Amino acid sequence: MVETSRLRFLQAVHRCGAVGAAARQLGYTPSAVSQQIGKLEREVGLPLLEPAGRGVVLTDAALVLVEAAAAIDQAREQANGRIEELLGVASGETVGTVSVACFPSAIRGVAAPALGSLAQAAPRLRVDLVELAPEPALEAVVSGRVDVAVVHDWVHDRTTFPASLETTHLADDPVDLLVPAGHPLAGRRTARLEETVDDVWVTDVSNGICTRWILDMLRAAATEPRVDFRVEEYASQVALVAAGLCVCVLPRLGRPDLPGTVRAISLEGPVPTRRFIAAHRTTTSRRPAVQLLVEALQAQVSG
């Protein structure tokens, strides 16, 4: 007989393609994961993993177990959702626990105030939040480690979401040009990016979509732009602009309050625009806790 609690180890190896990566995702050592897979193999009586380069592939027997595990997870989540509904009817309020993964600026601009409102509306609902970048946040939802992920993509560079996820568009978030108060453009309401070709810039470390757009636009208008500062945190970028050292482009949601020494200017023409999206597994769509959390996120950005 197969011990179903071990199936999550096989599912993780299937997702990650390697025992080591699965162990990191689950928070176990590789030897612990291997031991659990070994016990499964003895229970089934067939090999479950085969070496493939630096990773492994699942055998036909393992794929049967992974498919069965997915069906078990789906049935469990649907049952949990129905139980939550019945508890809500009995108590007259939403109860239970729901977890959400969120990237830093969305925590500041969306999740924190939304969860504050939700705590007032549903005091018996516990919300667990973990900070994750969009890609690992989606992986966490798909794997069942969190219930909801708040992620972003860009209007001109959209993410393809797995079929197992349901998504809700929360908001579009355009970017602004930030300049020091003494900058020649500081008194303007709008400006073209090409007007900053001679400025010193601060951009993010990860060379994200917005940064690539800035550099491509500036290169098209002049010579290689001068980027003296590479900083990931929005607050740090704003501090460098406030010191009169540079200019930058930042989205609006989750941006810290600007000091009096910084001006925000709307950019003319097509500009990068982030889309804020909430994603959850379709199998959890009936869960009142998930519904209430998504509604609170929507209300925060539309209010």
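Just need log10 I(q)/I(0) for the stretch 1-92 at q = 0.11 Å⁻¹, Debye formula, equal scatterers on the alpha-carbon atoms, no solvent, rounded to two decimals. Log10 of I(q)/I(0), two decimals: -0.38.
Ranked highest first by the average count of other Cβ atoms within 10 Å around their residues, in what order do 75-84, 292-301 fall?
Working: 75-84: 15.1, 292-301: 20.7.
My ranking of the peptides, most packed first, is 292-301, 75-84.
Projecting the Cα atoms of ALA69, ALA221, THR167 onto the charge dipole of the chain, computed from C-beta unit charges around the Cα centre, puts ALA69 farthest toward the positive end.
Looking at the stretch 43-150, the pairs of alpha carbons with a distance over 24 Å make up 47% of the total.
Amide H contacts under 5 Å for LEU49: THR59, restricted to partners 5 or more places along the chain or on a different chain, H placed in the peptide plane at 1.01 Å from N. Annotation: for a label point projected 7 angstrom from Cα along Cα→Cβ of ILE72, residues of the stretch 1-16 with backbone N closer than 17 Å are 1-15. Farthest toward the positive end of the dipole of the stretch 1-92, out of ASN80, LEU48, VAL2, is the Cα of LEU48, where the dipole comes from beta carbon charges about the Cα centre.
Each residue of the stretch 250-256 is assigned a 3J(HN,Hα), and the resulting list reads 9, x, 8, 5, x, 6, x Hz, derived from the Karplus form 6.51 cos²θ - 1.76 cosθ + 1.60 (θ = phi - 60°), x at Gly and Pro.
Estimated from helical segments only, the mean residue ellipticity of the chain at 222 nm is -13000 deg cm²/dmol, where each DSSP H run of four or more residues counts as -39500 (n - 2.57). Relative to the Cα centre, the charge distribution of the stretch 45-204, modelled as +1 at Lys and Arg Cβ and -1 at Asp and Glu Cβ, gives a dipole magnitude of about 440 debye. Averaging over all projection directions, the Cα-based convex hull of the chain occupies 19.4 nm² in the image plane.
Dipole check for the chain: with +1 at the C-beta of Lys and Arg, -1 at the C-beta of Asp and Glu, and the Cα centre as origin, the magnitude is about 360 Debye. Less than 5 angstrom separates the built amide H of ARG263 from those of VAL179, ALA181, all sequence-distant by 5 or more or on a different chain. Each DSSP beta bridge with both residues in the chain is either parallel or antiparallel, and the antiparallel ones are about 65%.
We did not get these values from a lab; they are worked out from the coordinates using the rules stated. Everything quoted here is computed from the prediction, not taken from an experiment. Positions of Cβ are backbone-derived with ideal geometry, glycine not excepted, and every protein chain shown enters the neighbour counts.
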